[in-house]
Amino acid sequence: MTMPEPRDPGRDGTRARILDVGLRCFAQEGWSGATTRMIASGAGVTLPVISYHFGNKEGLHRACAEAIVEAYRAHMLPLAMAARTAADAEGLSRAGARGWLQRILESLVAGMSGTATGQLETAFVLRELSEPGPGYELLLNELWKPGILLVADLIAAARGLPSAGEAERAAAMMLLASLTAYSTHAPVTMAILGWQGVDETRRQMVAALAGRMLDGILADPA
């Protein structure tokens, strides 16, 4: 396999270049399919250089997961912390909870479809769902679980419930999973919609559609 160029050529340093290529390779090939030889070739380094910076393949995979968690924190943490504070506070209105959910969805849409880097990080994360590697536990505990539980708690508040149950957690997972159509499933989505990419107008449309899905989830049972 011929690896593409690192996704961010402007970043300085051999370690950063290896990390970029490793992230792409693990996203494309999965934990078992990717090799350090493949990554070394794509980054233009020798295998001992990868060992020097990351120890081994496991260390590089964990470093990729750590980089994704840090990127998530930089992009989402202030909003997530504010939403968590609101969800945990007494007296959050149903409309207020709905507003927090919409803001979270809009931010996720922007992060997943806004840049090639965001799309690649999402591809790595979603690949871990089907083929867990050494970075899986970090992503589970620092990314997936807190995010899903936060959305579930806000769904419960928006439904007027005192706490989230199994139904709210399932709803949170389905709502967030729907956004993968614009990340790992992007080629199919682009082909069906006839899009060449996702610009700001289309991101706003996707966010609005996600909001309508949210309204359906929050609707009172008949």
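In this structure, is E58 at pLDDT below 95 and acidic (D, E)? Break it down into steps so the answer makes sense when it comes.
On the way: at pLDDT below 95: no; acidic (D, E): yes.
When the stated conditions are applied, E58 does not pass them.
Among the residues of segment 170-191, those identified as surrounded by fewer than 17 Cβ atoms within 10 Å (Cβ to Cβ) and at pLDDT 90 or above are A170, M173, M174.
Residues of segment 54-95 that are of a type in the set (G, A, S), in a helix (DSSP H, G or I) and over 14 Å from L150 (Cα atoms): G59, A63, A65, A67, A71, A74, A95. Scanning segment 27-53 for residues that are within 19 Å of A123 (Cα to Cα), without any contact (Cβ under 8 Å) to a residue 24 or more places away in the chain and either among the aromatic types (F, W, Y) or part of a helix (DSSP H, G or I) (or both) yields a count of 1.
Determine whether segment 70-85 contains at least one residue that is closer than 24 Å to E131 by Cβ and either open to solvent by less than 60 Å² (accessible area, probe 1.4 Å) or of a type in the set (S, T, N, Q) (or both). Give the steps one after another, and end with the answer.
Step one: list which residues in segment 70-85 are closer than 24 Å to E131 by Cβ, which gives 70-72.
Those still in the list that are either open to solvent by less than 60 Å² (accessible area, probe 1.4 Å) or of a type in the set (S, T, N, Q) (or both) too: 71-72.
Within segment 70-85, one or more residues are closer than 24 Å to E131 by Cβ and either open to solvent by less than 60 Å² (accessible area, probe 1.4 Å) or of a type in the set (S, T, N, Q) (or both).
Cβ-Cβ contacts under 7 Å between residues 6 or more apart (or on different chains), taken from a first residue in segment 151-171 that is touching a residue at least 40 places away in the same chain (Cβ under 8 Å) and more than 12 Å from L101 (Cα to Cα) to a second residue that is among the basic types (K, R) and open to solvent by 60 Å² or more (accessible area, probe 1.4 Å), are listed as G160/R94. Determine whether segment 23-31 contains at least one residue that is farther than 15 Å from E128 by Cβ and of a type outside the set (D, E). Checked segment 23-31: no residue is farther than 15 Å from E128 by Cβ and of a type outside the set (D, E). Within segment 196-206, being in contact with a Ser or Thr (Cβ under 9 Å, 6 or more places away or on another chain) and either modelled with pLDDT of 85 or more or of a type in the set (V, I, T) (or both) holds for V198, V206.
The values are calculated or read from the model by the stated rules, or taken from the named source; none is laboratory data. Keep in mind that this is a model prediction, so the values were computed, not measured. Cβ coordinates were reconstructed from backbone atoms using ideal geometry, including for glycine residues, and neighbour counts include every protein chain displayed. Heads up: the accessible areas ignore ligands, DNA and RNA and are worked out on the full protein's heavy atoms, side chains in. Shrake-Rupley method; radii C 1.70, N 1.55, O 1.52, S 1.80 Å.
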